[in-house]
Amino acid sequence: MERSDKPPLQHSDERISGYLHLMNEALAGRFDDLQCPTCRQQAVSVWFTHPTVDRYFTWFICADCRFHTWAEHAEKPPFFSEDRVSTELQEQDLAMLKRSRFKMPPQRKM
Ligand SMILES: [Zn+2]
């Protein structure tokens, strides 16, 4: 019997290598038809959001499955493109930031 030449892959390693692959594609300026780490289709697109002056996000979204991931940047990433800013995602980011920043305990007036 022949042994399979595919090495067993840890799930976490697979996730990280898939993510790094996507990040490298974005760095190379490729924003469409990237291979999805989950469903293996070339269906991942890159989007950007810039919800506040000091926050930049890069989003990777698969059109074929539910895969999506994002990275937060402290400053404008070199591959950031205004043409690829998603206003829909940006509103989600803003809502998320507002929730974390303005979360206050309920106060009751006497
Ligand atoms: Zn997918």
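Figures for the structure shown
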item: Note, ³J(HN,Hα) from phi for region 55-69, Karplus 6.51, -1.76, 1.60, rounded to Hz, x at Gly and Pro; result: 10, 10, 10, 10, 10, 10, 10, 8, 7, 9, 9, 8, 4, 7, 8
item: Relative contact order of region 15-101, defined on C-alpha pairs under 8 angstrom at six or more residues apart (%); result: 23 percent
item: Under 14 Å, Cβ to Cβ, from Val85 - net charge with Lys/Arg +1 and Asp/Glu -1; result: -2
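No lab work stands behind these numbers, since they all come straight from the coordinates. Since this is a predicted model, take the numbers as computed values, not measurements. Please note: Cβ atoms are built from the backbone with ideal geometry, for glycine as well, and neighbour counts cover all protein chains shown.
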